[in-house]
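Engineer: Handing you this structure, nothing more for now.
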Amino acid sequence: MYKIFTSESVTEGHPDKVCDQISDAVLDAHLAIEPNSRVACETYATTGLVVIGGEVTTSEKAKAKIDVAEVARRVINKIGYNDIRYKFDAESCGIINVMHSQSGDISRGVVTGGAGDQGMMFGFACDQTEEYMPLPIALAHRITRRLAEVRKMKEKSPMHYLRPDGKSQVTVSYHEGGRITVDTVVVSTQHDPEPKGVSESKWQKRIADDVKKYVIRKVIPERFLTNNTQYHINPTGRFEVGGPHGDTGLTGRKIIVDTYGGYAPHGGGAFSGKDPSKVDRSAAYAARYLAKNIVAAGLAKECMIQLAYAIGVAEPVSILVDTKGTAYAVSDDRLGKIIAEVMDLTPGGITKHLNLRRPIFEKTAAYGHFGRAEKEFTWEKLDLVRALQAAVR
């Protein structure tokens, strides 16, 4: 059977990702001072302006110590928007903070240990990559991370002309017999105008050649690339205007980039800016954690888990495991019962098991929440493998 699949990623300078990082930085600022803070922070960014809104319940100490505007400026500067030429930079952009207290109607259900909202969350893992992620999204993330890495070399960079905004898209072909190849690579990267005396066509050719040499071929193994692999580098021919000046940004608009690149379902809830009482985030992390451990335990080649919750109710209203027929010596129904035995899937239980009430979330807000090597991302650990293997014996 032949299958082709495409996933995309975006850089940390993409306008929506700027907003995700600000929202998660605001969350982290509250958790650093008051770990039991409840935060739902949304950010909007456009030319010269950032608007930060949402709900927060925290201590007076935290309120007094947190300067939301300064948090936002730090994030913007760290990303690389520190030049007035971008028409959106850390020093000169206006910042409006309209955050307020959480609704009492929601709060009354959360303080008793219930879920902060209804909804369904999905987790996924497979054996296509060492990260237990689908190959298309794994490669797409590697490209955007490499774009940022090369850009931040500054004067030492062979691509010193790069600007923060950018995107990648990778199409993977799955052939009969297990052979996998990359069919198409798309990269759009923001850049400086062409130098004086250099034509636009020559400038775009240099950018395309550099992207292939210093980005794509540095992160995609040669075994996946063929003579038939197609490349589209800055296909519009120019990408100078970018970031929030080129396109408005909003928290939560890159949920497929944040998860599995469309290879697995998504419940629809965004992650960034939300504390662990919001099961949109914590239960999605738990589902990924369980699916990854099932695959790592050798119980299936791929695994999708769905958890569903009702607002104010602690226990999930449903648990589904679907291994697409790849499970070994155990049924999907049995796996569903096992994961409920090895992990407390209430919001409080997930938060405690994964140690989520810490300021760790800003790092998650670019290049995907899953398949990452950062030690603090507890949902990527493989510490349930033995318990799962023992449970199926």
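The values are calculated or read from the model by the stated rules, or taken from the named source; none is laboratory data. What you are looking at is a predicted structure, and each value in this text was computed from that prediction instead of being measured. As a convention, Cβ positions derive from the backbone with ideal geometry for all residues, glycine included, and neighbour counts pool all protein chains shown. What goes into the accessible areas is simple: the full protein's heavy atoms, side chains included, and nothing from ligands, DNA or RNA. Shrake-Rupley method; radii C 1.70, N 1.55, O 1.52, S 1.80 Å.
Engineer: Could you list, in sequence order, the residues of the stretch 139-175 that are open to solvent by 10 Å² or more (accessible area, probe 1.4 Å) and within 16 Å of Tyr263 (Cα to Cα)?
Structural biologist: His141, Gln169, Thr171, Tyr174, listed by residue number.
Engineer: Still on this model: Just to be sure I understand the filter: pairs with C-beta atoms under 7 Å, separated by 6 or more residues or on different chains, first member in the stretch 67-92 and of a type in the set (Ser, Thr, Tyr), second member open to solvent by less than 10 Å² (accessible area, probe 1.4 Å) and in a helix (DSSP H, G or I). Which pairs pass?
Structural biologist: Between residues of the stretch 67-92 that are of a type in the set (Ser, Thr, Tyr) and residues that are open to solvent by less than 10 Å² (accessible area, probe 1.4 Å) and in a helix (DSSP H, G or I), the close pairs are Tyr81/Gly243; Tyr86/Gly243.
Engineer: Search the stretch 251-270 for residues that are farther than 20 Å from Cys303 by Cβ and pair each with any residue that is basic (Lys, Arg) and in a loop (DSSP other than H, G, I, E, B) when their beta-carbon atoms are under 9 Å apart and the residues are at least 6 apart or on different chains.
Structural biologist: Sorted first by the residue in the stretch 251-270, then by its partner, the pairs are Gly269/Lys278; Ala270/Arg253; Ala270/Lys254.
Engineer: Right, another one. Identify all residues within the stretch 374-391 that are among the hydrophobic types (A, V, I, L, M, F, W, C), without any contact (Cβ under 8 Å) to a residue 24 or more places away in the chain and either under 27 Å from Leu139 (Cα atoms) or surrounded by 21 or more Cβ atoms within 10 Å (Cβ to Cβ) (or both); write none if there are none. Before the answer, list the steps.
Structural biologist: Taking the stretch 374-391 and keeping what is among the hydrophobic types (A, V, I, L, M, F, W, C), we get 377, 379, 382, 384-385, 387-388, 390-391.
If we keep only those that are without any contact (Cβ under 8 Å) to a residue 24 or more places away in the chain too, we end up with 377, 390.
If the condition is that a residue be among the hydrophobic types (A, V, I, L, M, F, W, C), without any contact (Cβ under 8 Å) to a residue 24 or more places away in the chain and either under 27 Å from Leu139 (Cα atoms) or surrounded by 21 or more Cβ atoms within 10 Å (Cβ to Cβ) (or both), then Phe377 is the only one that fits.
Engineer: Return a yes/no flag: does the stretch 176-184 have any residue that is surrounded by 19 or more Cβ atoms within 10 Å (Cβ to Cβ), modelled with pLDDT of 95 or more and under 21 Å from the mean Cα position of the chain (by Cα). Spell out the reasoning first.
Structural biologist: The first filter runs over the stretch 176-184 and keeps only residues surrounded by 19 or more Cβ atoms within 10 Å (Cβ to Cβ), leaving 182.
Then drop every residue that is not modelled with pLDDT of 95 or more, which leaves 182.
Pick out the ones that are also under 21 Å from the mean Cα position of the chain (by Cα) and you get none.
No, because not a single residue in the stretch 176-184 is surrounded by 19 or more Cβ atoms within 10 Å (Cβ to Cβ), modelled with pLDDT of 95 or more and under 21 Å from the mean Cα position of the chain (by Cα).
Engineer: OK, next. Could you tell me how many of the residues in the stretch 185-198 are β-branched (Val, Ile, Thr) and open to solvent by less than 10 Å² (accessible area, probe 1.4 Å)? Walk me through how you get there before you give the answer.
Structural biologist: Filtering the stretch 185-198 down to residues β-branched (Val, Ile, Thr) leaves 185-187, 189, 198.
Narrowing the set further to residues that are open to solvent by less than 10 Å² (accessible area, probe 1.4 Å) leaves 185, 187, 189.
The qualifying residues number 3.
This table checks each residue for (1) of a type in the set (Asp, Glu); (2) at positive phi; (3) assigned to a helix (DSSP H, G or I).
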| position | (1), (2), (3) |
| --- | --- |
| Lys324 | no, yes, no |
| Arg334 | no, no, yes |
| Ile339 | no, no, yes |
| Leu345 | no, no, no |
| Pro359 | no, no, no |
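Engineer: In the stretch 272-309, what residues are open to solvent by less than 10 Å² (accessible area, probe 1.4 Å) and either on the phi > 0 side of the Ramachandran plot or under 14 Å from the mean Cα position of the chain (by Cα) (or both)?
Structural biologist: Ser272, Gly273, Arg281, Ser282, Ala284, Tyr285, Arg288
Engineer: When you look at Glu130, is it open to solvent by 30 Å² or more (accessible area, probe 1.4 Å), outside any helix (DSSP H, G or I) and free of Cβ contacts under 8 Å to residues at least 24 places away in the same chain, yes or no?
Structural biologist: Considered against the rule, which asks whether it is open to solvent by 30 Å² or more (accessible area, probe 1.4 Å), outside any helix (DSSP H, G or I) and free of Cβ contacts under 8 Å to residues at least 24 places away in the same chain, Glu130 comes out as yes.
Engineer: Give the residue that is farthest from Arg85 (Cα to Cα), with candidates limited to residues of the stretch 205-228 that are part of a helix (DSSP H, G or I) and in contact with a strand residue (DSSP E or B) (Cβ under 8 Å, 6 or more places away or on another chain).
Structural biologist: Going through the stretch 205-228, the residues part of a helix (DSSP H, G or I) turn out to be 205-219, 222-224.
Still in the running and in contact with a strand residue (DSSP E or B) (Cβ under 8 Å, 6 or more places away or on another chain): 207-208, 211-212, 215-216, 224.
Numbers: Ile207: 20, Ala208: 23, Val211: 23, Lys212: 27, Val215: 25, Ile216: 28, Phe224: 39 Å.
If we take residues in the stretch 205-228 being part of a helix (DSSP H, G or I) and in contact with a strand residue (DSSP E or B) (Cβ under 8 Å, 6 or more places away or on another chain), then Phe224 is farthest from Arg85 (Cα to Cα).
Engineer: Which members of the stretch 356-373 meet the condition of being charged (D, E, K, R) and more than 13 Å from the chain's Cα centre (by Cα)? So that I can check it myself, show each step before the final result.
Structural biologist: Pass one, the stretch 356-373, residues charged (D, E, K, R): 357-358, 362-363, 372.
Arg357, Arg358 - these are the residues of the stretch 356-373 that are charged (D, E, K, R) and more than 13 Å from the chain's Cα centre (by Cα).
Engineer: On the given criteria, is Gly197 part of a helix (DSSP H, G or I), small (Gly, Ala, Ser) and without any contact (Cβ under 8 Å) to a residue 12 or more places away in the chain? So that I can check it myself, show each step before the final result.
Structural biologist: On the way: part of a helix (DSSP H, G or I): no; small (Gly, Ala, Ser): yes; without any contact (Cβ under 8 Å) to a residue 12 or more places away in the chain: yes.
No; evaluated as a whole, the condition is false for this residue.
Engineer: A follow-up question, please. Could you list all residues from the stretch 103-127 that are surrounded by fewer than 21 Cβ atoms within 10 Å (Cβ to Cβ), of a type outside the set (Ser, Thr, Tyr), modelled with pLDDT under 95 and in a loop (DSSP other than H, G, I, E, B)?
Structural biologist: If the condition is that a residue be surrounded by fewer than 21 Cβ atoms within 10 Å (Cβ to Cβ), of a type outside the set (Ser, Thr, Tyr), modelled with pLDDT under 95 and in a loop (DSSP other than H, G, I, E, B), then Val111, Gly113, Asp117, Gln118 are the ones that fit.
Engineer: Here's another thing I want to ask about it. Can you tell me which of Ala314, Ala308, Ala286 is among the small types (Gly, Ala, Ser) and assigned to a helix (DSSP H, G or I)?
Structural biologist: When all the criteria are applied, what remains is Ala286.
Engineer: Quick one: in the stretch 185-202, of everything that is of a type in the set (A, V, I, L, M, F, W, C) and at pLDDT 95 or above, which residue is farthest from Leu135 (Cα to Cα)?
Structural biologist: My answer is Val187.
Engineer: Which residue, of Gly268, Gly237, is open to solvent by 40 Å² or more (accessible area, probe 1.4 Å) and at positive phi? Before the answer, list the steps.
Structural biologist: Details: Gly237 fails: open to solvent by 40 Å² or more (accessible area, probe 1.4 Å).
It is Gly268.
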